1. Of the residues F81, F141, F205, which exhibits the maximal mean-square fluctuation in a Gaussian network model of the chain defined by a 10 Å Cα contact cut-off?
2. Go ahead and estimate [θ] at 222 nm for the chain from helices alone: -39,500 (n - 2.57) per DSSP H run with n ≥ 4, summed, over the residue count, rounded to 500.
3. Counting only residues 5 or more places away or on other chains, whose amide H sits under 5 Å from the amide H of T135 once H atoms are built in the peptide plane?
4. Hull surface divided by four, with the convex hull built on the Cα atoms of the chain: how many nm²?
5. Averaged over every viewing direction, what's the projected area of the C-alpha convex hull for the stretch 81-173? Give it in nm², one decimal, please.
6. Pick from V91, V115, V68: which is most flexible by mean-square fluctuation in a GNM of the chain where alpha carbon atoms under 10 Å apart are linked?
7. Just for the chain, what percent of DSSP beta bridges are antiparallel, to the closest 5?
Amino acid sequence: MNLILMGPPGAGKGTQADTIKAAYPVPHISTGDMFREAVQQGTAMGLKAKSYMEQGQLVPDEVTIGIVEERLAQSDCQQGFLLDGFPRTIVQAEALDQVMKKLGGRIEAAINIAVPDEVLIQRTTGRVSCAACKTVYHTVFNPPAQAGVCDKCGGKLLQRSDDQEETARRRLEVYHQQTSPLLGYYQQRGILYSIDGDRAANQVFADIQEVLAGL
Ligand code: ADP
Ligand code: AMP
């Protein structure tokens with residue numbers, strides 16, 4: 001099962017990916033998580049990505065395509081994968097098609113989680129995640145039992161710097177300009193499934209499950 005989870009920043013891709021991978025055990029490949037880890041570790045790639053991320057801009061295609069191509073060639077992706085946050089440009093989508101051709105597979109579904117812009121801003125600006133185990137919460141919509149502390153491991157909950165309102169709004173603009181054209185790209189290929197993401201996470205997941213069951 002080779003899947004793409006699409007949707008603007010804050011749509012719930014990471015939240016749904018966690019539930020999907022519990023039901024369908026395939027690797028969850030989030031380019032945002034990969035970049036954040038590289039930044040944290042101070043690798044050469046992290047240094048390249050950092051300034052783009054802080055400004056709410058996309059990391060250049062050649063960097064992003066390279067890390068995804070390398071990741072998809074790993075053996076754990078042979079039985080399928082769940083891409084989250086990639087592709088984000090037409091150039092990335094075309095590169096992914098080439099990679100799939102090389103690997104002898106195909107993308108079966110691009111699942112788009114649609115959420116109105118103002119809800120997205122509420123979601124991103126209220127998002128906090130555990131510094132230790134990375135579990136994601138929302139200060140209002142999905143709060144931890146104790147403010148600032150992870151329910152699962154007791155780790156400290158932190159806000160991403162790119163989730164501050166000004167940068168969150170820029171990321172949304174970038175989404176509308178550079179990423180939303182991908183909906184047409186996958187629609188033309190007959191593999192786009194759009195889901196109303198402005199509902200409780202379990203209702204969104206029920207629709208995703210329906211799509212997956214039909215593949
Ligand atoms: P993305 O990976 O698409 O950027 P996340 O999964 O990190 O989005 O979700 C963004 C924020 O919104 C998080 O704080 C998360 O807890 C919250 N969230 C996710 N899905 C829902 C939902 N269906 N209803 C309300 N809040 C949600
Ligand atoms: P995300 O965690 O998906 O919200 O991504 C956080 C940031 O990482 C984005 O705002 C971009 O700067 C960068 N990023 C993640 N995925 C990509 C991608 N496919 N192409 C370019 N930049 C990306």
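Taken together, the values in this text are just the output of simple stated rules run on the coordinates, not laboratory data. The structure displayed is predicted, hence computed values, not measured ones.
1. F141
2. Values: 9 runs with 99 residues, N = 215.
-14000 deg cm²/dmol, from helical runs alone.
3. Amide H neighbours of T135: C130.
4. Values: hull surface 45.4 nm².
Averaging across all directions leaves 11.3 nm² for the Cα convex hull.
5. Numbers: hull surface 31.2 nm².
Average of the hull's projected areas for the stretch 81-173 equals 7.8 nm².
6. V91
7. Numbers: 7 of 23 bridges.
Expressed as a percentage, antiparallel bridges in the chain total about 30.
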